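Enquirer: After the structure tokens below, expect a handful of questions from me.
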Amino acid sequence: MSVLPIKIYGEEVLREKAKAIENLNGDLVKFLNDMNESMQAAKGLGLAANQVGRTVRAFTIDLSHFDVLAEPKIIINPEIMEKSDLVVTGEEGCLSFPGLYQMIQRPNKITVKALDLDGKEYYYEAEGLVARIMLHEIDHLDGVLFIDKLTAAQRSLIKSKLVRIKAGERV
Ligand code: ZN
């Protein structure tokens, strides 16, 4: 396995819409495992495929932060089947925005349909921070970034930080 470089805000691939995975071949499984390893190396809670340069619909989430028995999980072709009406505000960061943390509103609870690494379909119910991470990562697969969710006031406050991030700085 290898650690892949993480794309930083400003790189075009972060704005591309990822395509569904139809054929889970060996090359793709290797990439997905590399993506997982890259998240762990960067100590992230989640990482989407386009953040490591490939526009396929998959992300990885480190559930061990929430349950000591859980392992990082690779989620393929995620689809949001249900969202709670209850929306909660919480702090988010993103490996493509080093050092930037912002308060973002998200549904508190979701049900996601996805495939596992054997191509088997399953449903996953997530709540709180796990739901937040999954929604953040699924947004990535649609080319949507967490800064898109900010209010106009929040955005104006971080303008100069975004310029610095684009220039390769940690803010
Ligand atoms: Zn992110």
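The values are calculated or read from the model by the stated rules, or taken from the named source; none is laboratory data. Note that the structure is a prediction, hence the values are computed from the model and not measured. Here the Cβ is made from the backbone with ideal geometry for all residues, glycine too, and neighbour counts use every protein chain on show.
Enquirer: Scan region 138-166 for residues that are within 16 Å of the ligand (Cβ to nearest atom) and assigned to a helix (DSSP H, G or I) and report the count.
Expert: Of the residues in that region, 13 qualify.
Enquirer: If you don't mind, another one. Determine whether region 103-118 contains at least one residue that is surrounded by fewer than 19 Cβ atoms within 10 Å (Cβ to Cβ), under 20 Å from THR60 (Cβ atoms) and among the acidic types (Asp, Glu).
Expert: Yes, region 103-118 contains at least one residue that is surrounded by fewer than 19 Cβ atoms within 10 Å (Cβ to Cβ), under 20 Å from THR60 (Cβ atoms) and among the acidic types (Asp, Glu).
Enquirer: Which residue is farthest from the chain's Cα centre (by Cα), if the candidates are limited to region 60-101 and must be crowded, with 19+ Cβ neighbours inside 10 Å and under 28 Å from LEU157 (Cβ atoms)?
Expert: Ranking the candidates gives LEU100 first.
Enquirer: Next question, about the same structure. Pairs needed: first member in region 88-106, more than 10 Å from the ligand (Cβ to nearest atom); second member anywhere, of a type in the set (Phe, Trp, Tyr) and not in a loop (DSSP other than H, G, I, E, B); C-beta distance under 6 Å; at least 6 residues apart or different chains.
Expert: ILE104/PHE146
Enquirer: Also, I was wondering about something else. For region 119-137, enumerate the residues that are assigned to a loop (DSSP other than H, G, I, E, B) and either hydroxyl-bearing (Ser, Thr, Tyr) or free of Cβ contacts under 8 Å to residues at least 60 places away in the same chain (or both).
Expert: Scanning region 119-137 gives a single hit, LYS120.
Enquirer: Check region 141-152 and report whether any residue there is within 23 Å of PHE66 (Cα to Cα), touching a residue at least 24 places away in the same chain (Cβ under 8 Å) and acidic (Asp, Glu).
Expert: No - not one qualifying residue is present in region 141-152.
Enquirer: I've got another one for you. Within region 1-24, work out how many residues are closer than 17 Å to LEU47 by Cβ and among the acidic types (Asp, Glu).
Expert: The qualifying residues number 2.
Conditions (1) touching a Lys or Arg at 6+ places or on another chain (Cβ under 6 Å); (2) surrounded by 18 or more Cβ atoms within 10 Å (Cβ to Cβ); (3) modelled with pLDDT of 95 or more, marked per residue:
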| residue | (1), (2), (3) |
| --- | --- |
| LEU141 | yes, yes, yes |
| PHE146 | no, yes, yes |
| LYS159 | no, no, yes |
| LEU162 | no, no, yes |
| LYS166 | no, no, yes |
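Enquirer: Filter region 66-87 down to the residues that are free of Cβ contacts under 8 Å to residues at least 24 places away in the same chain and of a type outside the set (A, V, I, L, M, F, W, C), then identify the one that is farthest from LYS19 (Cα to Cα).
Expert: ASP67
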